[in-house]
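Only one structure is covered here, and it is reproduced in the block below.
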Amino acid sequence: MNSVMEIFDERSAFSFEVFPPKTDVGMEKLCGKGGVLEQLYTLNPDYISCTYGAGGTNVGKNLEVLDKIVQDGKTVGVTHFTCIGNTKEGIREQLQNYLDHGINHMLALRGDLPFGWTGTGGDLHYATELVKFARKEFGDKFTIAVAGSPEGHIQCRSLEADIAFLKQKQDNGADYIMTQLCWDMDQFRYWMDAIRAAGIWMPVDVGIMPILDQKATINMALSRNGCVMPRALSEIISKNWIFPDPFTGDKGETDALCAQKKEDFKKAGIEYTINQIDEYRACGINGIHLYALNKFDDVAYIAKEAGLLDLV
Ligand code: FAD
């Protein structure tokens, strides 16, 4: 498989993200015959990335998922990789192992700090260092993506500092950016202008989380990322609120009402997601990276309606 960088040279890219399931049943659903991965291939994505559990949990499953993608040979497999709890020696070994398995694309991350941790607990502390280390050890063998946060990473001391570190990732050898989710389009446009003004020319592949589930949407925005929620999205959440709250929910209202609200939420969320992709594509971005959430039907519908299938 060629580097995804060749695609960015020619046209906008379109890709998916999956995660390694914790159970055998989940693995079978994702990687088994006729499973979600094989269904996703039918949409001809330019690549499929697989997340990497912070602290090294579930690493074996990450490799199992990527092995399947590489062996099937239908698309490029991209592994996410973090500094969490990793020594330099361990990183060298794991990255070599990915190469030995034919996986030569990575998203180089610091990683989400496990609950209660104040640092990575490893030899490298930031993604900038991981990019530098991977380039020093492996030269050009990897195509390296890095994370970009249009609203600023939740721990950054300022948006300017965050952009400076993004530039440093580029200087250290990163190839392209995969963004954190951002629903605030004015902020996104501001960030695009700001990174280009800062001399960051890396292609920007925009991460989109399909809005399908109320709990997951609130969790993703607030548990880690502190994302701004536009009024239109807050309205969708409010109008379909499951009382007393969507987390303990389900017990306060009848099953039928809960089911109806979940369905209405998903319908409005899908429409919102499609509109958001339109807005992103009008911003001069280089690709759309859909978090497939290990699902097919809803994600395929969004990709089709948003016109992403015509990109490839
Ligand atoms: P960094 O770029 O290292 O930044 C972390 C913080 O430190 C920022 O506030 C930054 O401003 C600051 N900083 C950066 N460099 C320096 C420096 N040199 N000196 C001082 N401060 C600095 N997490 C996972 O654990 N597994 C995954 O699979 C995963 N997949 C992801 C996929 C995408 C597309 C994205 C956008 C994120 C993903 N994450 C994943 C989350 C990511 O690990 C977290 O956002 C994490 O908190 C930061 O990672 P980073 O690479 O952005 O960190």
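The values are calculated or read from the model by the stated rules, or taken from the named source; none is laboratory data. Remember, it's a predicted structure, so these values are computed and weren't measured experimentally. No Cβ is skipped: glycine too gets one built from the backbone with ideal geometry, and neighbour counts run over all protein chains shown.
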Legend entry - Residues located in the stretch 165-178, provided they are within 13 Å of the ligand (Cβ to nearest atom) and either touching a His at 6+ places or on another chain (Cβ under 7 Å) or in contact (Cβ under 8 Å) with a residue 40 or more places away in the chain (or both): GLN168, LYS169, ASN172, ALA174, TYR176, MET178
Inset, instruction - Could you identify the single residue in ILE237, ILE177, ILE218, ILE211 that is under 20 Å from the mean Cα position of the chain (by Cα), hydrophobic (A, V, I, L, M, F, W, C) and over 30 Å from PHE8 (Cα atoms)? - result: ILE218
Legend entry - Pairs with Cβ under 9 Å, 6+ apart, first in the stretch 210-234 and in contact (Cβ under 8 Å) with a residue 60 or more places away in the chain, second among the hydroxyl-bearing types (Ser, Thr, Tyr) and surrounded by 14 or more Cβ atoms within 10 Å (Cβ to Cβ): PRO210/THR273; PRO210/TYR291; ILE211/THR217; ILE211/TYR272; ILE211/THR273; LEU212/THR273; ASN225/SER149
Legend entry - Leading residue by the ranking (nearest to the ligand (Cβ to nearest atom)) among those in the stretch 155-164 that are at pLDDT 95 or above and either surrounded by fewer than 18 Cβ atoms within 10 Å (Cβ to Cβ) or more than 21 Å from the chain's Cα centre (by Cα) (or both): CYS156
Inset, instruction - Return the total of residues in the stretch 179-220 being of a type in the set (A, V, I, L, M, F, W, C), within 16 Å of the ligand (Cβ to nearest atom) and touching a helix residue (DSSP H, G or I) at 6+ places or on another chain (Cβ under 9 Å). - result: 14
Legend entry - Positions within the stretch 6-25 being over 20 Å from PRO210 (Cα atoms) and either surrounded by 16 or more Cβ atoms within 10 Å (Cβ to Cβ) or not hydrophobic (A, V, I, L, M, F, W, C) (or both), in sequence order: GLU6, ILE7, PHE8, ASP9, GLU10, ARG11, LYS22, THR23, ASP24
Inset, instruction - Considering each of ILE144, ILE195, ILE200 in turn, give the residue that is of a type outside the set (D, E, K, R), surrounded by 22 or more Cβ atoms within 10 Å (Cβ to Cβ) and either free of Cβ contacts under 8 Å to residues at least 60 places away in the same chain or more than 20 Å from ASN225 (Cα to Cα) (or both). - result: ILE144
Inset, instruction - Could you give me the residue pairs with C-beta distances under 7 Å whose first residue belongs to the stretch 127-140 and is within 13 Å of ASP171 (Cβ to Cβ) and within 13 Å of the ligand (Cβ to nearest atom), whose second residue is of a type in the set (S, T, N, Q) and in a helix (DSSP H, G or I) wherever it lies, and which are 6+ apart or on separate chains? - result: THR128/GLN168
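Out of LEU95, LEU109, LEU43, report the one residue that is surrounded by 19 or more Cβ atoms within 10 Å (Cβ to Cβ), within 12 Å of the ligand (Cβ to nearest atom) and not acidic (Asp, Glu).
On the way: LEU95 fails: within 12 Å of the ligand (Cβ to nearest atom); LEU43 fails: within 12 Å of the ligand (Cβ to nearest atom).
Matching residue, one of LEU95, LEU109, LEU43: LEU109.
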Inset, instruction - Look through LYS74, LYS33 and report the one residue that is basic (Lys, Arg) and in contact with an Asp or Glu (Cβ under 9 Å, 6 or more places away or on another chain). - result: LYS74
